[in-house]
1. So, in segment 31-43, how many residues would count as being farther than 23 Å from residue 136 by Cβ and not in a strand (DSSP E or B)?
2. Considering only residues that are within 17 Å of the chain's Cα centre (by Cα) and at pLDDT below 90, which ones fall in segment 133-156?
3. Within segment 77-93, which residues are part of a loop (DSSP other than H, G, I, E, B) and out of contact with any helix residue (DSSP H, G or I) (no Cβ under 9 Å at 6 or more places or on another chain)?
4. Can you work out which of the residues in segment 112-123 that are modelled with pLDDT of 95 or more and out of contact with any helix residue (DSSP H, G or I) (no Cβ under 6 Å at 6 or more places or on another chain) is farthest from residue 7 (Cα to Cα)?
5. Answer with yes or no whether residue 96 is in a strand (DSSP E or B), touching a residue at least 12 places away in the same chain (Cβ under 8 Å), in contact with a helix residue (DSSP H, G or I) (Cβ under 8 Å, 6 or more places away or on another chain) and within 25 Å of residue 6 (Cβ to Cβ).
6. Give me the pairs: first residue in segment 66-77 and closer than 18 Å to residue 21 by Cβ, second residue surrounded by fewer than 15 Cβ atoms within 10 Å (Cβ to Cβ), beta-carbon distance under 7 Å, and six or more apart or on different chains, which are they?
7. Looking at residue 125, is it in contact with a strand residue (DSSP E or B) (Cβ under 8 Å, 6 or more places away or on another chain) and either buried (at least 16 other Cβ atoms within 10 Å of the Cβ) or not in a strand (DSSP E or B) (or both)?
8. Under the condition of being without any contact (Cβ under 8 Å) to a residue 24 or more places away in the chain and within 22 Å of residue 86 (Cα to Cα), which residue from segment 1-36 is surrounded by the fewest Cβ atoms within 10 Å (Cβ to Cβ)?
């Protein structure tokens, strides 16, 4: 990764370290969302309550796994009956590491108690993860475009 990419990653990583994984939820298909830090309620367009949003949120569209220090606890191809218990197991753990790994940048989140969440795209295109920084009036995102880590800023 270039020096610019390392600096960019650091601006997202440093405030994440020490935050709790406050909420984990399933999106469409096998997508998962990890919400870090203080949670804010969210209302959908139809007026129903949605999943809360954290100060930071990580979406992994597909192909992910949750590991402990010696094995895979579950992943996007595991029996769905394993998901809820594993999500409960990682909830409220603290972020101790946040990095990208590989030639095409995949995300790796290290949590307290030697637990890890990693992405690993297996289809064509870019790795399918996005980190949202929602601490300000604008939302900054970090993701991969054309094989490179890239940030985008958008208004709420």
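The values are calculated or read from the model by the stated rules, or taken from the named source; none is laboratory data. No experiment lies behind these values; they were computed from the predicted model shown. Note that each Cβ is placed from the backbone with ideal geometry, even for glycine, and that neighbours are counted across all protein chains shown.
1. Initially, segment 31-43 is screened for residues farther than 23 Å from residue 136 by Cβ, giving 31-32.
Then drop every residue that is not not in a strand (DSSP E or B), which leaves 31.
Within segment 31-43, residues that are farther than 23 Å from residue 136 by Cβ and not in a strand (DSSP E or B) number 1.
2. 152
3. Taking segment 77-93 and keeping what is part of a loop (DSSP other than H, G, I, E, B), we get 77-79, 91-93.
Matches in segment 77-93: 77, 79, 91, 92, 93.
4. Looking only at segment 112-123, we keep the residues that are modelled with pLDDT of 95 or more, and these are 112-119.
After this cut, where a residue has to be out of contact with any helix residue (DSSP H, G or I) (no Cβ under 6 Å at 6 or more places or on another chain) as well, the list is 112-114, 116-119.
Values: 112: 24, 113: 27, 114: 26, 116: 23, 117: 22, 118: 21, 119: 21 Å.
Across segment 112-123, the extreme among qualifying residues is 113.
5. Numbers: in a strand (DSSP E or B): yes; touching a residue at least 12 places away in the same chain (Cβ under 8 Å): yes; in contact with a helix residue (DSSP H, G or I) (Cβ under 8 Å, 6 or more places away or on another chain): no; within 25 Å of residue 6 (Cβ to Cβ): yes.
Taking the combined requirement at face value, the residue does not satisfy it.
6. 68/114; 69/114; 74/82
7. Details: in contact with a strand residue (DSSP E or B) (Cβ under 8 Å, 6 or more places away or on another chain): no; either buried (at least 16 other Cβ atoms within 10 Å of the Cβ) or not in a strand (DSSP E or B) (or both): yes.
Considered against the rule, which asks whether it is in contact with a strand residue (DSSP E or B) (Cβ under 8 Å, 6 or more places away or on another chain) and either buried (at least 16 other Cβ atoms within 10 Å of the Cβ) or not in a strand (DSSP E or B) (or both), residue 125 comes out as no.
8. So, considering only residues that are without any contact (Cβ under 8 Å) to a residue 24 or more places away in the chain and within 22 Å of residue 86 (Cα to Cα), the one surrounded by the fewest Cβ atoms within 10 Å (Cβ to Cβ) is 28.
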